[in-house]
1. I need a count of the residues in region 107-136 that are free of Cβ contacts under 8 Å to residues at least 24 places away in the same chain and in contact with a strand residue (DSSP E or B) (Cβ under 9 Å, 6 or more places away or on another chain).
2. Does residue 153 fit the bill of being buried (at least 21 other Cβ atoms within 10 Å of the Cβ), in contact (Cβ under 8 Å) with a residue 40 or more places away in the chain, within 15 Å of the chain's Cα centre (by Cα) and not in a loop (DSSP other than H, G, I, E, B)?
3. Which one of these does residue 145 not meet: (1) modelled with pLDDT of 80 or more; (2) crowded, with 18+ Cβ neighbours inside 10 Å; (3) more than 14 Å from residue 41 (Cβ to Cβ)?
4. Inspect all residues belonging to region 65-86 and state whether any of them is part of a loop (DSSP other than H, G, I, E, B) and under 17 Å from residue 150 (Cα atoms).
5. Whether any residue in region 125-134 is assigned to a loop (DSSP other than H, G, I, E, B), modelled with pLDDT of 80 or more and within 14 Å of the chain's Cα centre (by Cα) is what I want to check.
6. Please enumerate the residues belonging to region 86-100 that are touching a helix residue (DSSP H, G or I) at 6+ places or on another chain (Cβ under 6 Å) and surrounded by fewer than 18 Cβ atoms within 10 Å (Cβ to Cβ).
7. In region 43-70, what residues are under 14 Å from residue 163 (Cα atoms) and in contact with a strand residue (DSSP E or B) (Cβ under 6 Å, 6 or more places away or on another chain)?
């Protein structure tokens, strides 16, 4: 009888610790997703600042140019990172800037990025089958994505657009 009671108590204690660890892990995952989303925001601002200062033809601004020109803040992990960034960009002829991931992120960033974008229709998930941007708040958008259809953007990758003239 006592053995069964001891086993029941041990199982209950193990359950409490397992639940606590699961909550901690969920909190850490959410924090990592928010941090990664913030990095995309920093990168986006750097690209916008570059293209605002350099009214150039369609194309891409490289990370090296963003770093050397002081567009990426030196305190950011993006500036200090020596490996290729997860983010890339493209500016089309009409001044629309596309910021996107080159590979699918490890964790889902849609909620964090939508929050950073203040639920703007300029943020969405790229659907390569329809060549449309799926906004988490507005569904299909009418934002032109034909300029990036030839890019190697993975299906389901987050894309955050900026428009400058």
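The values are calculated or read from the model by the stated rules, or taken from the named source; none is laboratory data. Because the structure is a prediction, the values reported are computed rather than measured. No Cβ is skipped: glycine too gets one built from the backbone with ideal geometry, and neighbour counts run over all protein chains shown.
1. 8
2. Working: buried (at least 21 other Cβ atoms within 10 Å of the Cβ): yes; in contact (Cβ under 8 Å) with a residue 40 or more places away in the chain: yes; within 15 Å of the chain's Cα centre (by Cα): yes; not in a loop (DSSP other than H, G, I, E, B): no.
Here the answer is no, as residue 153 does not meet what is asked.
3. All conditions are met except number (1).
4. Looking for residues that are part of a loop (DSSP other than H, G, I, E, B) and under 17 Å from residue 150 (Cα atoms), one finds none in region 65-86, hence no.
5. Within region 125-134, not a single residue is assigned to a loop (DSSP other than H, G, I, E, B), modelled with pLDDT of 80 or more and within 14 Å of the chain's Cα centre (by Cα).
6. 92
7. Within region 43-70, 44, 47, 48, 51, 58 meet the criteria.
Residue-wise test of (1) at pLDDT 70 or above; (2) surrounded by fewer than 15 Cβ atoms within 10 Å (Cβ to Cβ).
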site	(1), (2)
18	no, yes
24	no, yes
27	no, yes
39	yes, no
50	yes, no
60	yes, yes
